[in-house]
Amino acid sequence: MKSILAMVLAFVATALCMASPALAADADAGAQVFASTCAACHIGGGNVVNSAKTLKQADLSANGKDTAAAIVTQVTNGNGAMPAFGNRLTAEQIDNVAAYVLAKADQGW
């Protein structure tokens, strides 16, 4: 019985250590940053510059941007027509935006 309990505790500890940074981020705070910084181009999860690169789940997956880490990299460094925001937003704000985008994509925008 003790070995089963030890295995369960080890599993829980491992799962907590492997939790994505987006889980620790604040999607509500990300919504505010998104509204003031991102919504001009990405209103409603769309993309006014390139309609194939929306923030909707299918496009995020197709473009390899369906993880918090990928979104953080995109927002921080920019790519293509998207400018870099790493010098305009804090790391915390970018993490929060990533959490917000993933949450909204999961909900279908």
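Here, each number is a calculation from the coordinates, and none is a lab measurement. Quantities reported herein were computed from a predicted structural model and do not represent experimental measurements. Cβ sites come from the backbone with ideal geometry, for glycine too, and all protein chains shown count toward neighbours.
Label positions at residue 90 and residue 109, each projected 7 Å from the Cα along the C-beta direction, are separated by 2.9 nm.
Find out how many positive minus negative residues lie around residue 32, taking Lys and Arg as positive, Asp and Glu as negative, among other residues whose Cβ is under 15 Å from that of residue 32. Overall, the nearby charge balance is -2.
The simple spin-label model puts a point 7 Å past each Cα toward its Cβ; for residue 26 and residue 69 those points are separated by 2.6 nm. For the range 22-107, the orientation-averaged shadow of the C-alpha convex hull comes to 4.8 nm² (one quarter of the hull surface).
In loop segments of the range 23-109 as defined by DSSP, the trypsin sites (Lys or Arg not before Pro) with at most 12 further C-beta atoms inside 10 Å of their C-beta are 88. For the range 23-65 versus the range 75-109, the spacing of their alpha-carbon centroids is 7 Å.
Rounded, prolate or oblate: which fits the range 65-104, taking a ≥ b ≥ c as square roots of the Cα gyration tensor eigenvalues, rounded meaning a/c under 1.5, else prolate when a/b beats b/c?
Note, shape of the range 65-104 comes out oblate.
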